[in-house]
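Here is the structure we will look at, set down as structure tokens.
The values are calculated or read from the model by the stated rules, or taken from the named source; none is laboratory data. Computed from a predicted model, the values in this text were never measured in an experiment. FYI the Cβ positions are ideal-geometry reconstructions off the backbone, even for glycines, and counts take in every protein chain you see. The protein model used for the area step is the full one, side chains on, heavy atoms only, and it has no ligands, DNA or RNA in it. Shrake-Rupley method; radii C 1.70, N 1.55, O 1.52, S 1.80 Å.
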Amino acid sequence: MKSSYLLIMLFALPVLFSCRNDQKEEKNQAANKSEAKIEALRYRIDTKTSITTYVGSKPTGKHNGRVAISKGFFEVNGDQITGGKVILDMNSISVDDLGDDKEAMGKSVLLNHLKSNDFLDVENYPTGEFTITSVVPYKGNTNINDTKQFESKYKPASRTENIIEAPTHKMLGILRLRGVSKRVSFPVRIEQLKTKIKLEAKFNIDRTQWNIKYGEEASVTDKIKDKFIYNTVNLGFNVEAIHPSKPKLDPSLAPKIVDVFEKKFDIHEGKRRNHISGFCFSGSFVVKDLSIKEISKSKIFANTPLRVIGRFSHKGGVKKEESKSGEYGMAFEVILEDGSTQNFSMNTLDFFPVKSPEGFYQLMQAKVSGKPEDFKKLKQDHPEFKNFKSHYKNKTKVLKTFANHQFNSVNAFYLENEKKEKIAVRWSFVPQNEEISLDDSKKIDFFKETQKALNKSKKLTWEMVVTIANENDKINDASSLWAGEHQQIVAAVLTIDKIEKVGDCEDKNFDPLQLQAGFLPSNDPILKFRSPVYAAAFVRRLQEAKKMDNH
């Protein structure tokens, strides 16, 4: 019984048969990738609709089944897949040709045998992994060398027979199974639709190259039996990957985040839920370096100053004591001549503590509870938070007025020019004002200190410094710091000539996705989720304000 089930020892993933020119093709594609100015979009593999299949053979029969894909992604630049990763759950191996009734015992024996150390050893190697290194057009004259097999009724299909119908590309990469990594390639058919990519393939692997066979400790009898199981395993897969521009966001998460703000900072009717304390400012925005117009067609980069309404704020709840250094915010809208607006919403963070809305919600819940175990769980679930804590632990904290703070976009955006060329950027508003020393042993009032600075110089200014992403920068991860040298453009100047404790900024919702043509959002999930959170909080305070007016 045991030997009759050895056949499927395999279950790899979408991958395979090596080609001599693989390394050359990968180098050529890498050279082309280096010219790209935009990070590839990351298409998430839909694990509910994607599957890997196998067929294993011996002279007296065949077995077939599936291996689930636990997670994965394709990196796509334009219409070209440039990279990606597929993770297989080896514990999910199924045998589909045996029933659950009279054949149930045989099916169970076969599955246990395949998962054992005799073959896949899923206890020690619970996952398989395929890393895509390149994808090149499939040439009709591509040579496929068939492996010689001993003849039988159940001989596996040859590579020529097993290839997917009408392949469009050849995929190259590294397949890791049972701790063994091998360079592989295989023909695929790729269909790119509006919201997803479909990829299909059929191919063969030699299971023994990944040590999927009886080990040296096996008995002579078992080794003889292994000789009568075909080394060739037919693999197939059907994968769907979802376009990142439409991420699946939990619609209930935005109000939940507003709820947790209220638990942490209390409810102040008619006021914001975060960055509650602050004051308004007004001024102007004007282009400085005309080269910015070569990479963005936005009308906010005008030669004549445009009106600005904005707000400075403290992070968190109501600040009764401002003499302790913290994190601060600057948000404003630029008003074009036609009355349309663009928003900027920034803070003094160098990068965000977590990279997903779920992570931010968990962070705020931990702050509400204050329990060490909740923060421990946060670091386990979102390891990027440890990097954030380490960074700010070592950062010098100095009490400064708003006039001396640099404010950062944190999230990445794209600038687009008239030719529809896009480039990934982050920006900072860098202060050009006289440094003012504050004594943190005394009671500090940020409004008064900012007014003093404004009275002295008649205006306060910040330069908009646009930082262009390097090839290796993570565009869609707000928790990633862009380190090293970067090309920068001092694109514009923000000038503030008036501040008010209460002013036009109070009724503004500075949604960072309120953008003019020439600016586009990245696929950063934190950026995408800021909009519904801002909206949920804005609606609540409008409702409260209306209720107070009626009274």
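Does segment 75-84 contain any residue that is at pLDDT below 90, out of contact with any strand residue (DSSP E or B) (no Cβ under 7 Å at 6 or more places or on another chain), on the phi > 0 side of the Ramachandran plot and open to solvent by less than 70 Å² (accessible area, probe 1.4 Å)? There is at least one residue in segment 75-84 that is at pLDDT below 90, out of contact with any strand residue (DSSP E or B) (no Cβ under 7 Å at 6 or more places or on another chain), on the phi > 0 side of the Ramachandran plot and open to solvent by less than 70 Å² (accessible area, probe 1.4 Å).
On the given criteria, is Lys547 more than 33 Å from the chain's Cα centre (by Cα), part of a helix (DSSP H, G or I) and basic (Lys, Arg)? Break it down stepwise before answering.
Details: more than 33 Å from the chain's Cα centre (by Cα): yes; part of a helix (DSSP H, G or I): yes; basic (Lys, Arg): yes.
Yes.
Residue count for segment 261-315 under the criterion of being free of Cβ contacts under 8 Å to residues at least 60 places away in the same chain, assigned to a strand (DSSP E or B) and hydrophobic (A, V, I, L, M, F, W, C): the result is 1.
When you check Lys71 against the structure, is it among the charged types (D, E, K, R), open to solvent by 10 Å² or more (accessible area, probe 1.4 Å), closer than 23 Å to Thr195 by Cα and outside any strand (DSSP E or B), yes or no?
On the way: among the charged types (D, E, K, R): yes; open to solvent by 10 Å² or more (accessible area, probe 1.4 Å): yes; closer than 23 Å to Thr195 by Cα: yes; outside any strand (DSSP E or B): no.
No.
Taken over segment 374-411, the criterion of being more than 22 Å from Glu449 (Cα to Cα) and open to solvent by 80 Å² or more (accessible area, probe 1.4 Å) is satisfied by Lys376, Lys377, Gln380, Lys386, Asn387, Lys389, Lys393, Asn394.
Taken over segment 280-304, the residue count meeting the criterion of being open to solvent by 30 Å² or more (accessible area, probe 1.4 Å) and more than 28 Å from Phe538 (Cβ to Cβ) is 11. Out of the residues in segment 56-74 that are touching a helix residue (DSSP H, G or I) at 6+ places or on another chain (Cβ under 8 Å) and among the β-branched types (Val, Ile, Thr), which is modelled with the highest pLDDT? Once the filter is applied, the top-ranked residue is Val67. The residue pairs whose first member lies in segment 399-413 and is without any contact (Cβ under 8 Å) to a residue 60 or more places away in the chain, whose second member is assigned to a loop (DSSP other than H, G, I, E, B) and open to solvent by 10 Å² or more (accessible area, probe 1.4 Å), and whose beta carbons are closer than 6 Å, counting only pairs six or more residues apart or on different chains, are Thr401/Ile436; Ala403/Asn433; Asn404/Glu435.
Listed here are the residues, each with its yes/no results for (1) assigned to a helix (DSSP H, G or I); (2) out of contact with any strand residue (DSSP E or B) (no Cβ under 8 Å at 6 or more places or on another chain); (3) among the small types (Gly, Ala, Ser).
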residue: Phe344; (1), (2), (3): no, no, no
residue: Leu349; (1), (2), (3): no, no, no
residue: Gln365; (1), (2), (3): yes, yes, no
residue: Asp374; (1), (2), (3): yes, yes, no
residue: Thr396; (1), (2), (3): no, yes, no
residue: Leu415; (1), (2), (3): no, no, no
residue: Ala424; (1), (2), (3): no, no, yes
residue: Trp427; (1), (2), (3): no, no, no
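The set of residues from segment 332-373 being open to solvent by 10 Å² or more (accessible area, probe 1.4 Å) and of a type in the set (Gly, Ala, Ser) comprises Gly339, Ser340, Ser345, Ser356, Ser369, Gly370.
Residues that are modelled with pLDDT under 95, over 29 Å from Phe388 (Cα atoms) and of a type in the set (S, T, N, Q): does segment 542-551 have at least one? Spell out the reasoning first.
So in segment 542-551, the residues modelled with pLDDT under 95 come out as 542-551.
Imposing the further condition that a residue be over 29 Å from Phe388 (Cα atoms) reduces the set to 542-551.
Right, trim to of a type in the set (S, T, N, Q) and you get 543, 550.
Yes, there is a match, as at least one residue in segment 542-551 is modelled with pLDDT under 95, over 29 Å from Phe388 (Cα atoms) and of a type in the set (S, T, N, Q).
Return only the number of the condition from (1) within 28 Å of Gly359 (Cβ to Cβ); (2) touching a residue at least 24 places away in the same chain (Cβ under 8 Å) that Ala453 does not satisfy. The one condition Ala453 does not meet is (1).
If you take the residues in segment 162-179 that are among the β-branched types (Val, Ile, Thr) and open to solvent by 30 Å² or more (accessible area, probe 1.4 Å), which one is nearest to Val122 (Cα to Cα)? Checked segment 162-179; the qualifying residue nearest to Val122 (Cα to Cα) is Ile174. What are the pairs, 6+ residues apart or on separate chains, where a residue within segment 230-242 that is among the basic types (Lys, Arg) has its Cβ under 9 Å from a residue that is open to solvent by less than 10 Å² (accessible area, probe 1.4 Å) and at pLDDT 85 or above? Hits for this filter: zero, empty list.
Applying the condition of being of a type in the set (A, V, I, L, M) and open to solvent by less than 90 Å² (accessible area, probe 1.4 Å) to segment 260-279 and asking which residue is farthest from the chain's Cα centre (by Cα) yields Ile276.
Filtered by the rule that a residue be among the aliphatic types (A, V, I, L, M), modelled with pLDDT of 95 or more and more than 31 Å from the chain's Cα centre (by Cα), segment 457-515 gives Leu460, Val493, Leu494, Ile496, Ile499.
Which one is most open to solvent (accessible area, probe 1.4 Å) among residues in segment 460-513 that are part of a strand (DSSP E or B) and of a type in the set (S, T, N, Q)? Reasoning before the result, please.
Initial filter on segment 460-513 (part of a strand (DSSP E or B)): 460-468, 488-500.
Add one more test, that the residue is of a type in the set (S, T, N, Q), and what stays is 461, 467, 488, 495.
Working: Thr461: 24, Thr467: 22, Gln488: 115, Thr495: 27 Å².
Among residues in segment 460-513 that are part of a strand (DSSP E or B) and of a type in the set (S, T, N, Q), the one most open to solvent (accessible area, probe 1.4 Å) is Gln488.
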